[in-house]
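Heads up, the thing below is written out as structure tokens.
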Amino acid sequence: MKEKQAWFKPLLDNVVQEMIKTGAIRGAAVEAAPVWGSPGNLLIAKVWDASNKSQFIWTIAGDNAVTDHIPGSLAANAQAAARHFALKWQMDADRLLQVAKNKAPAKDSDGNMEAYTRKLIGYAEALYDLAGRDDIWKPR
């Protein structure tokens, strides 16, 4: 358990700072709790303003994900949140591909956009497959 906490604590702290920086969560005091994780790979957590715990956001971060968030109302549990993130990332990748198609070729940015899009698609597909494995989402 200590190894798992040693992994998620700094990651969760970074996620909270990112959510504050981007304005995804506001408040004088912000709290967070890990909900599901695969140490070294992926963390799904809830983040909320301490004065209003019922208005949380789902966050995801890790080596096999982009740091992202959705309103808590969009998913009933971590598995449903994972499915939602997978779909969201696939749709984001599709939009990026359309932008790249409709845009006049530019030297550096197209390669970066294409690489990021491929990475996002890979993350989306892996997360979708993971979300489909009911056995790993059961509370232990």
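The values are calculated or read from the model by the stated rules, or taken from the named source; none is laboratory data. Note that the coordinates shown come from a computational prediction; the quantities given were computed from them, not determined experimentally. A quick note on method: Cβ atoms are made from the backbone with ideal geometry, for glycine too, and the neighbour counts reach across all protein chains shown. Accessible surface areas use protein heavy atoms only, side chains included; no ligands, DNA or RNA. Shrake-Rupley method; radii C 1.70, N 1.55, O 1.52, S 1.80 Å.
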Interchain or sequence-distant (5+) residues whose placed amide H lies within less than 5 Å of the amide H of F56 are G72
How big is the stretch 57-136 along each principal axis, measuring the range of its Cα positions in Å and listing the largest first? 44, 23, 18
How many Lys pairs in the stretch 1-116 lie less than 27 angstrom apart by Cα atoms, where the lysines are 8 or more positions apart or on different chains? 16
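Counting only heavy atoms of the protein chains, get the accessible area per residue of the stretch 40-88 (1.4 Å probe) and round it to a whole Å² value.
Values: 2090 Å² over 49 residues.
Ligands and nucleic acids excluded, the figure is 43 Å² per residue.
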Considering the values (i) 11, 37, 29, 16, 7, 1, 0; (ii) 12, 37, 33, 15, 3, 0; (iii) 12, 45, 36, 7, 0, which represents P(r) over Cα pairs in 10 Å bins from 0, in percent as calculated for the structure under consideration? (ii)
List the trypsin sites (Lys or Arg not before Pro) within the stretch 3-76 that fall in a DSSP loop (any state other than H, G, I, E or B) and whose Cβ has at most 12 other Cβ atoms within 10 Å. R26, K53
Going residue by residue through the stretch 91-101, the Karplus relation 6.51 cos²θ - 1.76 cosθ + 1.60 with θ = phi - 60° gives ³J(HN,Hα) values, rounded to whole Hz and with x marking Gly or Pro, of 5, 4, 5, 4, 5, 4, 5, 5, 4, 5, 5
Once neighbouring chains are kept in place and the probe is 1.4 Å, which whole percent of the accessible area of the stretch 1-49 is contributed by carbon and sulfur? 51 percent
Rounded to the nearest 20 debye, what is the charge dipole size of the chain about its Cα centre when +1 sits on each Lys and Arg Cβ and -1 on each Asp and Glu Cβ? 180 debye
Helix-only estimate, please: 222 nm mean residue ellipticity of the chain, summing -39500 (n - 2.57) across DSSP H runs of length 4 or more and dividing by its residues, to the nearest 500. -17500 deg cm²/dmol
Ranking F56, F85 from most to least accessible area with a 1.4 Å probe gives F56, F85
Using each residue's phi in the stretch 127-132, evaluate 6.51 cos²θ - 1.76 cosθ + 1.60 at θ = phi - 60° and report the 3J(HN,Hα) Karplus result to the nearest Hz, with x for Gly and Pro. 5, 4, 4, 4, 5, x
